[in-house]
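The values are calculated or read from the model by the stated rules, or taken from the named source; none is laboratory data. The structure displayed is predicted, hence computed values, not measured ones. Every residue, glycine among them, receives a Cβ derived from its backbone with ideal geometry; neighbour counts consider all protein chains shown.
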Ligand code: ADP
Ligand code: MG
């Protein structure tokens with residue numbers, strides 16, 4: 001129907017006196033209003049890009065760059081994508097970090113022609129496509145939320161900033177707000193994983209924040225007016241059509257600013273369309289377990305170190321059967337709770353489904369065919385929905401009421417299930433019934449395809465369709481008649497968008513129709529290589545009739561569509577609540593299914609400082625081993641405070657885990673962290689029993705040498721991250737340190753590991769697990785009362801080492817490095833020599849070095865503000881560092897002499913200090 005511009009080439013003088021076509025003038029005006037976007041300019045069946053946009057897009061998409069006319073004397077570069085495949089191209093451009101303004105024709109070209117031959121079809125931008133504001137299934141990952149995050153800052157004083165986050169998934173309607181300080185900024189962003197972040201120009205230019213922001217993907221700086229605190233509350237209220245936002249809860253000023261920026265941006269990108277957002281929900285500070293970015297990637301919660309979902313904790317525990325359930329599960333895993341009673345409510349729901357296998361199976365079977373209600377709803381409300389989205393609403397509502405029946409009995413056992421039941425019964429059954437009545441059985445992908453309204457449901461539509469189909473039969477009859485009268489049996493009547501209906505004959509028959517007497521009836525239209533095409537007066541008339549009837553039928557269908565979409569929009573609140581409830585019961589049943597399948601137990605989460613896991617297993621490694629047949633060895637871990645009668649010592653313990661390489665230290669450390677995460681997200685856990693005093697912050701770090709996958713395995717990173725832990729971990733934190741101090745020389749490493757443990761024990765006073773290969777450190781247990789030595793049991797069998805993966809009390813007395821070396825096939829002579837050297841070293845050095853350190857400890861004189869390092873070692877270290885820094889080959893003799901003097905002076909100072 002939409003043809004390209006008729007007036008595209010007529011010329012008008014530009015400001016500079018050069019001729020500019022009216023169409024180019026229109027293009028330039030629209031482009032000027034959207035300078036930061038690639039402009040998809042609709043021309044007929046294509047979106048065309050011009051000038052720089054064309055060059056950028058043709059490179060990015062690998063499509064041909066052509067020319068169209070001239071502008072100011074120069075060729076205009078152009079490329080285009082067919083409207084039908086636009087989603088696919090949009091997807092690629094968005095993934096590459098581009099933003100796209102979609103400019104549509106707002107009238108039929110025929111309308112434009114009525115205004116005069118030179119007038120241009122009216123066009124305007126109907127939508128900005130940005131990474132954080134997508135709604136199409138083809139542009140989204142079904143199992144992940146896609147958040148737009150607005151970040152606002154409030155200056156509290158010259159030294160203190162507060163930050164507010166508002167994040168929205170316009171494809172599901174979720175809208176949350178939270179506040180944080182400067183230190184928590186990175187962790188919050190890591191938790192939310194937004195597809196796009198918007199900030200004010202000022203914040204984007206801020207020297208302190210900018211480096212952090214610019215390292216992130218898809219950060220959009222915006223003019224200040226979006227982040228204007230003075231108008232924030234008014235804009236937010238206006239978006240939701242309420243007089244004041246007070247009903248949504250109490251928000252701080254900076255939170256209102258972020259929330260208003262987010263909705264204003266949504267309005268701007270959707271050009272006035274309002275996606276169905278829930279009112280903003282405020283997340284109280286500390287309501288979720290704080291997990292920083294390094295810990296998240298280290299524990300491989302959502303994806304592995306190499307970036308894949310497979311192999312992550314999420315993949316290992318995800319038994320959901322709907323995409324919405326999968327998204328909710330991911331949200332819960334990203335943000336475990338800290339309130340024991342909320343956690344207990346979630347666990348109640350899981351327990352209810354564990355107890356009732358029948359209801360569980362029944363529900364999961366029913367859910368499997370339930371549609372993605374939230375995303376269909378959001379598309380319909382913003383006017384981007386299709387017939388299948390209407391069907392999704394119908395099926396979703398029907399599924400919700402069917403589910404209510406199936407799990408009604410479980411409501412008594414769980415508050416969360418009861419709430420879900422209430423939400424599931426909310427949507428109006430009449431709406432579903434009307435959709436059932438109206439929608440055809442087979443539905444096309446797009447509204448424009450037509451044919452989605454059931455026959456017999458609207459009289460006017462049925463009539464128009466009858467007329468259209470009748471005429472089509474007349475065309476078929478006409479073809480038979482023409483074939484007879486011309487004697488050309490292969491004559492066909494065909495249709496295409498350019499010619500409409502036409503008579504098609506092969507070239508060999510063309511002449512017959514071109515000459516008398518048949519040329520009186522058949523009017524030549526087109527000659528192709530193998531075909532000649534004609535029309536007739538009769539065919540022309542028929543065509544007009546068919547087109548009219550078809551147009552009328554489609555117009556009637558679209559009217560009905562809009563009416564149904566409006567009814568859905570009016571019910572959006574109830575539909576959204578039902579969608580959320582479907583996801584929640586999916587998650588509860590899925591976690592129950594996991595618990596039964598893998599023999600997980602309900603954890604006890606309370607306000608104590610306990611951490612007692614018996615028979616714990618690693619949820620991911622266990623499943624990986626399961627496939628190859630090897631059993632996973634369960635292990636206990638107890639970091640609970642030693643029970644002291646007077647109750648003074650209420651602080652948790654630190655376990656120091658030693659043992660050879662490959663014995664299972666890292667696995668043991670991580671499994672305990674993962675059990676805490678699972679328990680607090682409201683899942684059963686892989687253990688025989690678990691009691692956990694709620695954890696408020698979780699830290700996990702791996703020594704640099706182990707941390708190859710991150711591609712920046714420097715000692716510096718390791719130290720920066722360790723510093724963050726020592727500065728931030730409070731008494732409720734759980735800290736996992738795996739071979740800290742590996743990335744440097746032995747003495748350095750040992751000293752740092754040593755001092756770190758002391759600091760954790762004396763200052764942070766948190767529960768911690770510390771794996772190390774420095775056996776010397778086990779001596780610390782003698783002086784630090786809450787430090788417990790644990791080791792991985794290893795068996796020697798016929799001169800070989802066998803790893804039992806069993807954690808027992810005590811210290812590893814030897815590293816087994818030589819045994820492992822032997823296993824690896826080092827030559828026997830080397831092994832023999834190494835054994836000899838080891839025996840000597842052990843006799844001379846090992847015990848004495850550790851004892852010396854212990855005796856020097858100033859630990860119990862006072863709680864050290866900073867960790868003590870024996871002065872002799874510090875000086876020695878400095879000296880070694882100075883020596884290492886020298887490069888004799890690059891020095892002049894004079895420099896070398898000076899360096900020697902300097903070293904001697906440094907050494908003399910060390911001796912005096914002693
Ligand atoms: P370490 O950190 O001591 O070098 P890892 O924790 O990396 O050892 O474990 C090495 C391998 O041993 C793991 O990849 C795993 O396959 C296996 N493993 C670890 N713990 C266990 C266990 N409890 N039961 C069975 N196999 C285990
Ligand atoms: Mg390890």
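Give region 73-102 a look and list any residue that's in a strand (DSSP E or B) and within 18 Å of residue 55 (Cβ to Cβ), or say none.
74, 75, 76, 77, 78, 79, 80, 81, 100, 101
For region 407-446, what are the residues that are assigned to a helix (DSSP H, G or I) and touching a strand residue (DSSP E or B) at 6+ places or on another chain (Cβ under 9 Å)?
Once the filter is applied, which keeps residues that are assigned to a helix (DSSP H, G or I) and touching a strand residue (DSSP E or B) at 6+ places or on another chain (Cβ under 9 Å), region 407-446 yields only 438.
Output the helices (runs of 4 or more DSSP H) that fall wholly within region 751-860 and possess 1 or more residues being surrounded by fewer than 18 Cβ atoms within 10 Å (Cβ to Cβ) and either at pLDDT 75 or above or touching a helix residue (DSSP H, G or I) at 6+ places or on another chain (Cβ under 6 Å) (or both), or say none.
828-841, 847-856
How many residues does region 646-693 hold that are crowded, with 23+ Cβ neighbours inside 10 Å, within 13 Å of ligand 1 (Cβ to nearest atom) and over 21 Å from residue 318 (Cα atoms)?
So the count comes out to 8.
With respect to the numbered conditions (1) buried (at least 18 other Cβ atoms within 10 Å of the Cβ); (2) under 26 Å from the mean Cα position of the chain (by Cα); (3) touching a residue at least 40 places away in the same chain (Cβ under 8 Å), which one is the sole condition not fulfilled by residue 217?
(1)
From 608, 614, 666, 643, which residue is without any contact (Cβ under 8 Å) to a residue 24 or more places away in the chain and either within 16 Å of ligand 2 (Cβ to nearest atom) or over 22 Å from residue 300 (Cβ atoms) (or both)?
Among 608, 614, 666, 643, only 643 is without any contact (Cβ under 8 Å) to a residue 24 or more places away in the chain and either within 16 Å of ligand 2 (Cβ to nearest atom) or over 22 Å from residue 300 (Cβ atoms) (or both).
More than 16 Å from ligand 2 (Cβ to nearest atom), more than 30 Å from residue 878 (Cα to Cα) and modelled with pLDDT of 95 or more: is that true of residue 680 in this structure?
On the way: more than 16 Å from ligand 2 (Cβ to nearest atom): yes; more than 30 Å from residue 878 (Cα to Cα): yes; modelled with pLDDT of 95 or more: yes.
It is true that residue 680 is more than 16 Å from ligand 2 (Cβ to nearest atom), more than 30 Å from residue 878 (Cα to Cα) and modelled with pLDDT of 95 or more.
Looking at (1) at pLDDT below 90; (2) assigned to a strand (DSSP E or B), which one does residue 533 not meet, given that it meets all the others?
Single failed check for residue 533: (1).
Look at residue 247 and say whether it is free of Cβ contacts under 8 Å to residues at least 24 places away in the same chain, farther than 27 Å from residue 96 by Cβ and either in contact with a strand residue (DSSP E or B) (Cβ under 9 Å, 6 or more places away or on another chain) or in a helix (DSSP H, G or I) (or both).
So residue 247 does not fit the description; no.
Check residue 482 against each of (1) under 18 Å from residue 544 (Cβ atoms); (2) surrounded by 14 or more Cβ atoms within 10 Å (Cβ to Cβ) and name the one condition it does not meet.
(1)
Give region 272-295 a look and list any residue that's more than 30 Å from residue 126 (Cα to Cα) and surrounded by fewer than 21 Cβ atoms within 10 Å (Cβ to Cβ), or say none.
Scanning region 272-295 gives 282, 283, 284, 285, 286, 287, 293.
Exactly one of (1) within 30 Å of residue 274 (Cβ to Cβ); (2) at pLDDT 95 or above; (3) buried (at least 24 other Cβ atoms within 10 Å of the Cβ) is unmet by residue 388. Its number?
Single failed check for residue 388: (3).
Out of 560, 569, which single residue is more than 30 Å from residue 788 (Cβ to Cβ) and touching a strand residue (DSSP E or B) at 6+ places or on another chain (Cβ under 6 Å)?
Checking each option against the conditions leaves just 560.
Kindly indicate which of 327, 346 is under 18 Å from residue 581 (Cβ atoms), over 19 Å from the mean Cα position of the chain (by Cα), at pLDDT 95 or above and crowded, with 21+ Cβ neighbours inside 10 Å.
The unique qualifying residue is 346.
Hey, any hits in region 573-585 for a residue that's surrounded by 19 or more Cβ atoms within 10 Å (Cβ to Cβ) and more than 30 Å from residue 413 (Cβ to Cβ)?
The answer is no; no qualifying residue exists.
Exactly one of these conditions fails for residue 301: (1) under 20 Å from the mean Cα position of the chain (by Cα); (2) under 14 Å from residue 150 (Cβ atoms); (3) at pLDDT 95 or above. Give me its number.
Going through (1) under 20 Å from the mean Cα position of the chain (by Cα); (2) under 14 Å from residue 150 (Cβ atoms); (3) at pLDDT 95 or above one by one, residue 301 breaks only (2).
Mind checking which residues of region 527-561 are buried (at least 18 other Cβ atoms within 10 Å of the Cβ), within 23 Å of residue 481 (Cα to Cα) and within 55 Å of the chain's Cα centre (by Cα)?
533, 542, 543, 546
If residue 166 satisfies all but one of (1) out of contact with any strand residue (DSSP E or B) (no Cβ under 6 Å at 6 or more places or on another chain); (2) more than 18 Å from residue 95 (Cβ to Cβ); (3) surrounded by 24 or more Cβ atoms within 10 Å (Cβ to Cβ), what's the number of the condition it fails?
(1)
Which residue pairs have Cβ atoms closer than 9 Å, lie 6 or more positions apart in sequence or on different chains, and pair a first residue in region 778-806 that is within 24 Å of residue 615 (Cβ to Cβ) and within 16 Å of ligand 2 (Cβ to nearest atom) with a second residue that is in a helix (DSSP H, G or I) and modelled with pLDDT under 90?
Within 9 Å, the pairs are 791/778; 794/819.
Looking only at region 313-324, how many residues end up being outside any helix (DSSP H, G or I) and crowded, with 22+ Cβ neighbours inside 10 Å?
Residues meeting the conditions: 2.
For residue 463, all conditions in the list (1) surrounded by fewer than 17 Cβ atoms within 10 Å (Cβ to Cβ); (2) over 15 Å from residue 550 (Cα atoms) hold save one; what is the number of the exception?
Residue 463 satisfies every listed condition except (2).
In region 207-215, is there at least one residue being touching a helix residue (DSSP H, G or I) at 6+ places or on another chain (Cβ under 9 Å) and modelled with pLDDT of 90 or more?
Within region 207-215 (the criterion being touching a helix residue (DSSP H, G or I) at 6+ places or on another chain (Cβ under 9 Å) and modelled with pLDDT of 90 or more), the answer is no, since none of the residues qualifies.
Looking at the structure I just gave you, is residue 73 more than 28 Å from residue 448 (Cβ to Cβ), surrounded by fewer than 20 Cβ atoms within 10 Å (Cβ to Cβ), in contact (Cβ under 8 Å) with a residue 12 or more places away in the chain and touching a helix residue (DSSP H, G or I) at 6+ places or on another chain (Cβ under 8 Å)?
The answer is no for residue 73.
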